[in-house]
Amino acid sequence: MIKNILATVDGSAYSNAVVHQSIHLAQKYGAMLHFLSIVDVRIFEWAVYIGGDGFLPMIPTSTYQRETQKVLEGKAEEVLKKCAQKAQDAKVKFVASKIAGSPVEVICEQARKADLIVMGRRGEYARWEGKLMGATLDGAMREANKPILALPREYREIKKILVAYDRSPQASHALQMAADLAFHLKTWLLVLAVDDDRASGKVTIDEAVAYLSPFGLKIRSQVNRGRASEQILRTCETEKLDLVIMGAHGHTRLREAFLGSTTEEVLRQIDLPLLMVR
């Protein structure tokens, strides 16, 4: 059950989707919505660090630091003001916070009071990131212990959901979240298992369907063969889906360091909202 939603907003092109989607979910769940805008202190702290130790030392004045922080705080306040207006128009309960600090640390701290984190796939520096996920999202994925809904630039209403299931503890949590979302959003749910062994795949998919059956949802299920990330992405294209739900970091940390998890592979290529559940 989702009763507290944390939505991170920074005024970037992705913030619009974050605001719309978090408001929509808050309406469906009757949840409290927390808009969070972070004043990234690293910007002026890095300026001091580089200025003192750089090739050409140019230490910023205290006036420069104060003015930089003032500009950043003013921007955060304007972003939150717009968010507040949209939430009021939608008659959603909300709070808005401006917090100075390192983005990942602030998000993880505030996430202690949330059931779901809603973030853009990229932030203010999206134009330079290409197909890479944003650094803040990457850090939050690894550190925050709450489900993260990563959104593309364009908002889309969720009508068709895919949940990937492989019997891992993370996938079990994802299945539970998928059932809850499909129930509250009144959507149909496609359950996908990827397994080259037909018998094993049937056991996996039957287990998922058995769990979902008491919810009274519109369910479809299928077992595909091949590489998990490729099959998930292919299914998204053929089924015209609106949301993918996966367990996050199903492999060991050592394996992720060299190969990347299936979740990360999908996130780097997909152009749909992706909900990652631990």
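The values are calculated or read from the model by the stated rules, or taken from the named source; none is laboratory data. Everything numeric here is computed off the predicted structure, so don't read it as measured data. Every residue, glycine as well, gets a Cβ built from its backbone with ideal geometry; the counts of neighbours run over all protein chains shown.
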Residue count, region 175-203 (criterion: assigned to a strand (DSSP E or B) and surrounded by fewer than 20 Cβ atoms within 10 Å (Cβ to Cβ)): 1
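Conditions (1) within 22 Å of Thr262 (Cβ to Cβ); (2) in the same structural domain as Phe35 (by TED's automatic domain parsing); (3) buried (at least 18 other Cβ atoms within 10 Å of the Cβ), marked per residue:
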{"residue": "Glu105", "(1), (2), (3)": "no, yes, no"}
{"residue": "Leu116", "(1), (2), (3)": "yes, yes, yes"}
{"residue": "Gly134", "(1), (2), (3)": "yes, yes, yes"}
{"residue": "Ala140", "(1), (2), (3)": "yes, yes, yes"}
{"residue": "Asn145", "(1), (2), (3)": "yes, yes, no"}
{"residue": "Tyr165", "(1), (2), (3)": "yes, no, yes"}
Failed item, numbered, when His20 is tested on (1) under 15 Å from the mean Cα position of the chain (by Cα); (2) closer than 30 Å to Arg66 by Cα; (3) modelled with pLDDT of 95 or more: (2)
Residue tally, condition in contact (Cβ under 8 Å) with a residue 12 or more places away in the chain and not in a strand (DSSP E or B), over region 217-236: 11
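So how many residues does region 142-174 have that are outside any strand (DSSP E or B) and in contact (Cβ under 8 Å) with a residue 60 or more places away in the chain?
Number of matching residues: 20.
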Single residue of region 1-42 satisfying the filter (touching a Leu at 6+ places or on another chain (Cβ under 8 Å) and in a helix (DSSP H, G or I)) that is surrounded by the fewest Cβ atoms within 10 Å (Cβ to Cβ): Lys28
Criterion violated by Thr252 - all others in (1) modelled with pLDDT of 90 or more; (2) polar (S, T, N, Q); (3) farther than 14 Å from Val163 by Cβ satisfied: (1)
